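A short write-up of the structure that comes next.
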Amino acid sequence: MHTVLCVTNDIFTDRRVCRIARSLADHGHKVTVIGRKYKQNTKLPDFSFRMYRMRLLFSRGLLFYAEYNFRLLFRLLLMHTDILVANDLDTLPAVYLASRIRKRTVIYDSHEYFTEVPELIGRNLVKNIWQLLERMILPKIRYAYTVSESIAKAYQQKYGINMYVIRNLPWRLKKSVDPEKMIKKDNEQMILYQGSLNRGRGLELAILATGYLHDTKLVIIGTGDVEHELKSLAEIHGLQNKVLFLGRIPQDQLMQYTIQADAGISLEEQSGLNYTYALPNKLFDYIQAGIPVIVSDLPEMASIVIRYEIGVVSKARDPEALAGIFREALWNPEKRRIWKDNLMKAAKELCWEREEPKLIELYRNAANKISDDPEQPDQ
């Protein structure tokens with residue numbers, strides 16, 4: 001069973017796609033992941049699946065999506081495939097068209113509520129184009145899954161489709177720090193953010209809040225559209241020594257930094273339904289690393305924190321108020337003891353070993369459909 005996963009990034013930091021590809025390969029699929037290659041020639045780790053990255057002429061906007069989907073379609077038409085997987089709406093046009101031409105099964109993995117991302121707010125024409133594509137294709141797809149119950153319910157209400165929920169849970173973590181990766185000093189507290197550096201993530205707020213704290217460093221791992229703005233903000237306020245930007249970290253090394261933190265943050269703003277319904281990788285990474293979390297008062301994230309009692313749900317959107325929450329989370333020994341105990345329990349439940357069977361069941365159902373009627377496209 002040859003399964004091809006298609007994505008518009010370069011896989012370097014996409015732990016969801018790599019985790020799923022590895023699981024499928026471990027369960028007997030021949031797996032190929034097709035992505036893109038950035039100008040920076042990043043070397044990928046050794047995977048248990050094949051990788052192909054396309055170097056594109058355009059890097060963003062309409063021309064990027066048009067070029068990517070055209071080249072992806074051409075490649076899919078030439079490959080021997082059984083199952084085609086579209087990771088998010090921006091890969092779906094080529095994947096769906098190839099599935100119709102080749103009469104192959106298509107599976108849709110919605111990493112987010114794509115048409116409600118903050119980048120589309122106020123851009124009605126672009127948003128309408130994506131919504132049109134979604135409306136034309138998504139109701140015709142039988143096998144689909146997403147990252148949270150809220151997004152699954154939204155799609156069910158919108159299109160009458162039933163989506164599996166496959167959360168972004170990491171593998172169980174064996175905790176040990178490579179001395180060469182050590183960035184935390186003995187006399188300081190470390191707050192961590194890991195993920196994309198985009199608008200609406202609360203990073204400006206976190207940077208400014210750090211200015212009110214002593215012996216505390218904010219470490220930011222990732223890249224994105226507002227990276228230069230965030231660095232400029234830190235410089236303008238004289239926080240260069242308190243805010244450390246590490247850039248992109250290979251996924252096989254990321255946890256070496258995560259486990260050093262004293263608290264992890266996910267402070268997304270309520271700017272669009274995508275963030276409102278978000279249940280991001282980083283929250284579960286923090287849990288596996290055993291570090292208390294500070295999250296925005298958004299339903300999916302808040303429900304995890306409250307249910308397991310592993311940190312703070314914050315409504316603060318003022319730097320000084322947020323600094324007070326940081327201070328309490330870092331230096332209240334009684335709360336930290338309770339959180340640490342609960343994090344150990346949460347980590348045992350919120351791991352990929354327990355989520356993986358749902359994924360394998362979905363792909364097994366799709367594969368069985370192919371075996372029953374190999375000549376018919378299963379949408």
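The values are calculated or read from the model by the stated rules, or taken from the named source; none is laboratory data. It should be emphasised that the depicted structure is a prediction, and the values quoted were computed from it without experimental measurement. Cβ: placed from backbone, ideal geometry, glycine included. Neighbour counts: every protein chain shown.
In the stretch 178-204, which residue that is surrounded by 21 or more Cβ atoms within 10 Å (Cβ to Cβ) and hydrophobic (A, V, I, L, M, F, W, C) is farthest from residue 320 (Cα to Cα)? Restricting to residues being surrounded by 21 or more Cβ atoms within 10 Å (Cβ to Cβ) and hydrophobic (A, V, I, L, M, F, W, C), the top hit is 197.
Checking 90, 26, 46, 10 one by one, the residue that is over 23 Å from residue 142 (Cβ atoms), within 19 Å of the chain's Cα centre (by Cα) and among the charged types (D, E, K, R) is 10 and no other.
Pairs linking a residue in the stretch 190-216 that is farther than 18 Å from residue 120 by Cα and outside the structural domain of residue 242 (by TED's automatic domain parsing) to a residue that is not aromatic (Phe, Trp, Tyr) and not in a helix (DSSP H, G or I), with Cβ atoms under 6 Å and 6 or more positions apart or on different chains, do not occur. For the stretch 11-25, state whether one or more residues are among the charged types (D, E, K, R), touching a His at 6+ places or on another chain (Cβ under 9 Å), in a helix (DSSP H, G or I) and under 25 Å from residue 148 (Cβ atoms). For the stretch 11-25, residues among the charged types (D, E, K, R), touching a His at 6+ places or on another chain (Cβ under 9 Å), in a helix (DSSP H, G or I) and under 25 Å from residue 148 (Cβ atoms): present. The set of residues in the stretch 176-209 that are within 25 Å of the chain's Cα centre (by Cα) and polar (S, T, N, Q) comprises 176, 194, 196, 198.
Given the criteria among the basic types (Lys, Arg), surrounded by fewer than 19 Cβ atoms within 10 Å (Cβ to Cβ) and outside any loop (DSSP other than H, G, I, E, B), does residue 217 qualify? Considered against the rule, which asks whether it is among the basic types (Lys, Arg), surrounded by fewer than 19 Cβ atoms within 10 Å (Cβ to Cβ) and outside any loop (DSSP other than H, G, I, E, B), residue 217 comes out as no.
To keep it simple, each residue is scored yes or no on (1) within 21 Å of residue 99 (Cβ to Cβ); (2) surrounded by fewer than 18 Cβ atoms within 10 Å (Cβ to Cβ); (3) touching a residue at least 24 places away in the same chain (Cβ under 8 Å); (4) in the same structural domain as residue 89 (by TED's automatic domain parsing).
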| residue | (1), (2), (3), (4) |
| --- | --- |
| 17 | yes, no, yes, yes |
| 23 | no, no, yes, yes |
| 27 | no, yes, yes, yes |
| 34 | yes, no, yes, yes |
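Evaluating residue 122 against the criteria (1) of a type in the set (Gly, Ala, Ser); (2) surrounded by fewer than 23 Cβ atoms within 10 Å (Cβ to Cβ); (3) modelled with pLDDT of 95 or more leaves one unmet condition, (3). Across the stretch 152-166, what is the number of residues that are part of a helix (DSSP H, G or I) and aliphatic (A, V, I, L, M)? Counting residues in the stretch 152-166 that are part of a helix (DSSP H, G or I) and aliphatic (A, V, I, L, M) gives 2. Among the conditions (1) of a type outside the set (A, V, I, L, M, F, W, C); (2) within 17 Å of the chain's Cα centre (by Cα); (3) buried (at least 19 other Cβ atoms within 10 Å of the Cβ); (4) more than 20 Å from residue 200 (Cα to Cα), residue 282 misses just one, which is (4). Of the helices (runs of 4 or more DSSP H) lying entirely inside the stretch 256-336, those containing at least 3 residues that are under 21 Å from residue 110 (Cβ atoms) span 273-276, 281-289, 299-308.
Considering only residues that are crowded, with 16+ Cβ neighbours inside 10 Å and either farther than 23 Å from residue 84 by Cβ or assigned by TED's automatic domain parsing to the domain that holds residue 257 (or both), which ones fall in the stretch 145-165? Within the stretch 145-165, 148, 149, 150, 154 qualify. Within the stretch 219-233, the set of residues being of a type outside the set (D, E, K, R) and over 22 Å from residue 255 (Cβ atoms) comprises 226, 228, 230, 232, 233. Restricting 57, 63 to residues that are part of a loop (DSSP other than H, G, I, E, B), free of Cβ contacts under 8 Å to residues at least 12 places away in the same chain and of a type in the set (A, V, I, L, M) narrows the list to 57.
Residue-level check: of (1) in contact (Cβ under 8 Å) with a residue 40 or more places away in the chain; (2) more than 16 Å from the chain's Cα centre (by Cα); (3) in a strand (DSSP E or B); (4) in the same structural domain as residue 96 (by TED's automatic domain parsing), residue 130 misses just (3).
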